[in-house]
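The values are calculated or read from the model by the stated rules, or taken from the named source; none is laboratory data. This structure is a prediction, so every number in the text was calculated from the model and none was measured. Using ideal geometry, Cβ is built from the backbone for each residue, glycine included, and neighbour counts are taken over all protein chains shown. Heavy atoms of the whole protein, side chains included, go into the accessibility calculation; ligands, DNA and RNA do not. Shrake-Rupley method; radii C 1.70, N 1.55, O 1.52, S 1.80 Å.
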Amino acid sequence: MKKQLILEDGTVFVGEGFGSETTTMGEVVFNTGMTGYQEILSDPSYCGQIVTLTYPLIGNYGINRDDFESISPAVQGLVVKENAEFPSNWRSELSLDAYLKMKNIPGISGIDTRKLTKIIRKHGTLKGTICGIDENPEEIIATLKSKSLPNNQVMQVSTKTAYPSPGRGYRVVLVDFGLKHGILRELNDRNCDVIVVPYNTTAQEILSLSPDGIMLSNGPGDPKDVPEAIEMIKGLLGKVPLFGICLGHQLFALACGANTEKMKFGHRGSNHPVKDLRTGKVALTSQNHGYTVTEDSVTGTELEVTHIALNDGTVEGLAHKTAAAFTVQYHPEASPGPEDANGLFNQFLELVEAEKKEAVTNAKA
């Protein structure tokens, strides 16, 4: 079954179709991870995107029940060099092709993914369509140029109602902008009493849950498309310890007066080196984002830059100078990827504990 991947710049790739036969349109991005395709496919932060995997062989260990980052994937399509039709792994339950068919996600294989990645690196992310071989490329290109991509991705992937994930430790309200289950897992492993709430929950509603700490999750799209979340963070700052990841980091920056901008092709992979400016230590991190906090905009705010990306110098971490709040651009839950930064969850809970002790001391005084 031949298929086409058509880009808005006029480039056409012809390859073999797998997965769903449906036609799809999205922002074409690339991820450099050698493994972790199951986590990538089920990461809500890829909502609206067609993901190109630069590692040449994908699907060789199949799909299992344990490695999903969400129940319903939001990715628009998958592009690979070679699709392994017959996976071999003791945990494998079905093939990549079968999974994509089940979730109605189209895939295309057998194209030059190195060439495609170079195009994106040179020109930036592009709109693209995966479609049948009989479709007219000129008509598809005209459609791609005339249509705008959706800007309501967070609304699409966030939970619609609040739900608990009970524990006997500190109560953490986790704001879901496109939550990866790995974040919830790390909090559960630390016995936190977690309440997950929708992206548009107000500060007053969150404070009414009597949280000991608040987490701002990852998520897709432009942080400026979620103004209600920015206002919510302003209402929480300084009242409860706060930890933000990825989109949560960007929203926190906007709430504190800094600015964000779209990157040329973003950071998507599982081996990005990040330096902690306070300790000098370097961690290898898992990343998936297309926007960044502009470093110059941090000047004059109550924020300080705590981490930078060693590949391009972009901002990877922030801390508030007076409030108990910090954020990182990368994924400390590492799904998929290295676990160098996993200790940030402990750092967050230590901050929660310190704030509670200070509150008790002040009450006695």
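A few points about this structure:
- Alpha-carbon centroids, region 123-195 and region 330-350: separation in whole Å: 20 Å
- Interchain or long-range residues, amide H under 5 Å from Asn64's placed H: Glu93
- A simple spin-label model places pseudo-atoms 7 Å from Cα toward Cβ; at Val282 and Arg91 they are separated by 2.9 nm.
- Whole-Hz couplings from phi, Karplus 6.51/-1.76/1.60, listed for region 246-263; x for Gly and Pro: 6, 4, x, 5, 5, 5, 4, 4, 4, 5, 9, x, 7, 10, 10, 8, 6, 8
- Taking the alpha carbon gyration tensor of region 55-110, multiplying each eigenvalue by 5 and rooting it gives semi-axes of 16, 16, 9 Å, largest first.
- Cα centroids of region 213-233 and region 271-292: 21 Å apart.
- Averaged per residue, the chain has 43 square angstrom of accessible surface, using a 1.4 angstrom probe with ligands and nucleic acids left out.
- Rolling a 1.4 Å probe over the protein heavy atoms of region 79-178, with every protein chain left in place, gives an accessible area that is 48 percent carbon and sulfur.
- Proximal lysines to Lys234, defined as alpha-carbon separation beneath 25 angstrom and excluding residues fewer than eight positions away on the same chain: Lys160, Lys180, Lys224, Lys262, Lys321, Lys356, Lys357
- For the chain, a simple Cβ point-charge model (Lys and Arg +1, Asp and Glu -1, everything else neutral) yields a dipole of about 200 debye relative to the Cα centre.
- Cα long-axis angle, helix 344-364 against the chain (0 to 90 degrees, to the nearest 10): 20 degrees
- Largest GNM mean-square fluctuation among Tyr291, Tyr199, Tyr55, using the chain with Cα springs under 10 Å: Tyr55.
- Candidates Leu53, Ser270, Thr35 compared by Cα position along the dipole of the chain: farthest toward the positive end lies Ser270, with charges placed on Cβ.
- Dimensions in Å of the chain - Rg and Dmax from alpha carbons: 20.8, 77
- Modelled FRET efficiency - R0 45 Å, Thr159 with Lys364, Cβ distances, 0.05 increments: 0.70
- Under Karplus coefficients 6.51, -1.76 and 1.60, residue-wise ³J(HN,Hα) of region 301-317 in Hz, glycine/proline x: 9, 8, 9, 10, 7, 10, 9, 9, 7, 6, 6, 9, x, 6, 6, 10, x
- Shown is the FRET efficiency for Lys2 and Glu339, computed with R0 = 41 Å from the Cβ-Cβ distance and rounded to the nearest 0.05: 0.50.
- When the Gaussian network model of the chain links Cα atoms closer than 10 Å, the mean-square fluctuations of Asp43, Asp340, Asp212 top out at Asp340.
- Binned Cα-Cα distances of region 4-132, short to long, each 5 Å bin given as a whole percent: 2, 12, 23, 27, 21, 10, 4, 1, 0
- Kirkwood Rh and Cα Rg combined as Rg/Rh, region 200-311: 0.97
- Which of Val328, Leu344, Ala354, positive extreme of dipole for region 322-365 (C-beta unit charges): Ala354
- Using the Karplus relation 6.51 cos²θ - 1.76 cosθ + 1.60 with θ = phi - 60°, the per-residue 3J(HN,Hα) values for region 205-217 come to 5, 5, 5, 5, 8, 6, x, 8, x, 10, 10, 9, 7 Hz, with x marking Gly and Pro.
- Residues whose placed amide H lies under 5 Å from that of Asp193, excluding near-sequence neighbours: Gly167, Gly169, Tyr170, Arg171, Val172
- For Asp66, the accessible surface of its heavy atoms amounts to roughly 90 Å² (probe 1.4 Å, protein chains only, rounded to the nearest 10).
- Options Leu242, Gly178, Phe68, ranked by Cα towards positive dipole end of the chain, top entry (Cβ charges): Leu242
- Relative contact order (%) - region 262-355, alpha-carbon pairs under 8 angstrom, separation at least six: 25 percent
- For Lys264, a cut-off of 13 angstrom between C-alpha atoms picks up these aspartates and glutamates, skipping any fewer than 8 places away in its own chain: Glu27, Asp312.
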